[in-house]
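The values are calculated or read from the model by the stated rules, or taken from the named source; none is laboratory data. All figures in this text were calculated on a predicted structure; none of them were measured in a lab. In this analysis, Cβ positions are derived from the backbone assuming ideal geometry, glycine residues included, and neighbour counts consider all displayed protein chains.
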Amino acid sequence: MSVFSLKVDIADNRNFNGEISPLFTRAEAKKARGFHKKIAGYQPTPLCDLKALAALFGVRKILVKDESQRFELNAFKMLGGAYAIGRLLCEKYGLDIDAVSLEQLKSRMTEKMTFATTTDGNHGRGVAWAAKQLGQNAVIYMPKGSAQERVDHILNLGAECIVTDMNYDDTVRLTMKTAQERGWEVVQDTAWEGYTKIPTWIMQGYATLADEAVEQMQQMGIDRPTHVFLQAGVGAMAAGVLGYLVDVYGAKNLHSVVVEPELADCVYRSGVKGELVNVGGDMATIMAGLACGEPNPLGWPLLRNCTTQFISCQDSVAALGMRVLGNPLGNDPRIVSGESGAVGLGVLAAAHYHPQREQMMRKLGLDGDSVVLLISTEGDTDVKHYREVVWEGKHPANV
């Protein structure tokens, strides 16, 4: 068996207390999923059972939620953007989110609106898609270095897309300033003082995928996962999904791991310190969707209270995950997972091939009874880079 060592820094959460959040619960997830179910074309994304890989890695189950198949958008993000826009319009027109669909909201709109956001790709694509469904305008800002393919996906949905010469967090500030000047509605997945309602709705929307996964596990005869690995940019998805899972299973019954790239590991550093820590600079990681330096303050309390471990890892870990998922063992299904989607599986693979494998497995609490839930949050949203990694061996594991 090959043996190689990738940089995977694992920090136990010393501030864990298991307290759940009233914002991110099973009840709120059910409300969001009810809205999503009324969107034409809705269906749960697959929960893939990688039996052969689990046997190789020495765990009972590896379950991967494949979000590349979400509304033909190749990523999960529209769950948050569409739900937040739905809630925003219901509030504006005095409607009940439980009683209306996206199509009904479109018929109620009496004025043209513009929705604006900052994105590394997937969130902006989701907002642009929702705006198009409603016949409205969208203006999407992206940080410097954004892949042209991700820009094109947004433009193809009829939105305006502006790539700045700033990093993600500075681009968010530019978006806010411009939107305030022009009267646009900002649909952003991070929060700050005076801006909390929409990011809360976005995070609640993300929990639809967790509600689906729990239902799918029950159908498989699985009582509960023992582990969940959740990747974090600002931490919105991680907190939204973890909030749901700990409400269902209890925080002390779930070994939860939040994973980030080492060049943008603001949640990891916050977890180590026990308070919010921001990271600056270019954050030039291949995990574009996770290249965020300022944690979402709405999600942070839940992550601080309920995360078991925080991980900061090098880009080669995500690249390894992409290759393993794309080249399955035995009869396991093939999963096309992008840079940000594959990092959780990459951590499992990095642990398996590590020179101190047994020590790594013990550190992560993994053994033959472990049932591991992973979220592949995106497919090949940058096809050129995906092929450079999977076909050409970019970011190799043995260097």
Handout entry: Residue that is farthest from the chain's Cα centre (by Cα), among those in the range 155-195 that are closer than 14 Å to residue 115 by Cα and of a type in the set (Lys, Arg)
Key = 182
Fill in the blank from the handout: Looking across the range 347-369 at residues that are in a helix (DSSP H, G or I), in contact (Cβ under 8 Å) with a residue 60 or more places away in the chain and not basic (Lys, Arg), the single one that is surrounded by the most Cβ atoms within 10 Å (Cβ to Cβ) is 348
Problem - Spans of strands (runs of 3 or more DSSP E) in the range 46-153 with at least 3 residues crowded, with 22+ Cβ neighbours inside 10 Å - result: 61-66, 114-118, 137-142
Practice task
Just name the residue that is surrounded by the most Cβ atoms within 10 Å (Cβ to Cβ) out of those in the range 23-45 that are within 20 Å of the chain's Cα centre (by Cα) and of a type in the set (A, V, I, L, M, F, W, C).
Solution key: 32
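This table checks each residue for (1) more than 27 Å from residue 282 (Cβ to Cβ); (2) out of contact with any helix residue (DSSP H, G or I) (no Cβ under 9 Å at 6 or more places or on another chain).
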| residue | (1), (2) |
| --- | --- |
| 88 | yes, no |
| 111 | yes, yes |
| 114 | yes, no |
| 124 | no, no |
| 127 | no, no |
| 143 | no, no |
| 152 | no, yes |
| 155 | no, no |
| 167 | no, yes |
Handout entry: Odd one out for residue 339, checked against (1) surrounded by 21 or more Cβ atoms within 10 Å (Cβ to Cβ); (2) more than 30 Å from residue 187 (Cβ to Cβ)
Key = (2)
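Every residue, every condition in (1) modelled with pLDDT of 95 or more; (2) under 20 Å from residue 9 (Cβ atoms); (3) in contact with a strand residue (DSSP E or B) (Cβ under 7 Å, 6 or more places away or on another chain), yes or no:
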{"position": "285", "(1), (2), (3)": "no, yes, yes"}
{"position": "290", "(1), (2), (3)": "no, yes, yes"}
{"position": "293", "(1), (2), (3)": "no, yes, no"}
{"position": "317", "(1), (2), (3)": "yes, yes, yes"}
{"position": "335", "(1), (2), (3)": "yes, no, yes"}
{"position": "339", "(1), (2), (3)": "yes, yes, no"}
{"position": "345", "(1), (2), (3)": "yes, yes, yes"}
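Suppose we filter 341, 233, 280, 293 for residues that are in contact (Cβ under 8 Å) with a residue 12 or more places away in the chain, small (Gly, Ala, Ser) and either part of a helix (DSSP H, G or I) or under 20 Å from residue 63 (Cα atoms) (or both); which single one remains? Working first, answer last.
Numbers: 233 fails: either part of a helix (DSSP H, G or I) or under 20 Å from residue 63 (Cα atoms) (or both); 280 fails: either part of a helix (DSSP H, G or I) or under 20 Å from residue 63 (Cα atoms) (or both); 293 fails: either part of a helix (DSSP H, G or I) or under 20 Å from residue 63 (Cα atoms) (or both).
None of the other options fit; the residue is 341.
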Practice task
Please state which of the following conditions residue 159 fails to meet, knowing it meets all the rest: (1) in contact with a helix residue (DSSP H, G or I) (Cβ under 9 Å, 6 or more places away or on another chain); (2) among the hydrophobic types (A, V, I, L, M, F, W, C); (3) surrounded by fewer than 23 Cβ atoms within 10 Å (Cβ to Cβ).
Solution key: (3)
Exercise for the section: Please tell me if residue 279 is in contact with a helix residue (DSSP H, G or I) (Cβ under 6 Å, 6 or more places away or on another chain), surrounded by fewer than 24 Cβ atoms within 10 Å (Cβ to Cβ), over 30 Å from residue 51 (Cα atoms) and not polar (S, T, N, Q). Expected result: yes
Problem - Hits in the range 341-380 - residues which are touching a Leu at 6+ places or on another chain (Cβ under 9 Å) and more than 18 Å from residue 47 (Cα to Cα) - result: 347, 349, 350, 351, 352, 353, 354, 360, 364, 366
Handout entry: Among the residues listed as 248, 228, 257, 267, the single one being assigned by TED's automatic domain parsing to the domain that holds residue 285, out of contact with any His (no Cβ under 8 Å at 6 or more places or on another chain) and crowded, with 18+ Cβ neighbours inside 10 Å
Key = 267
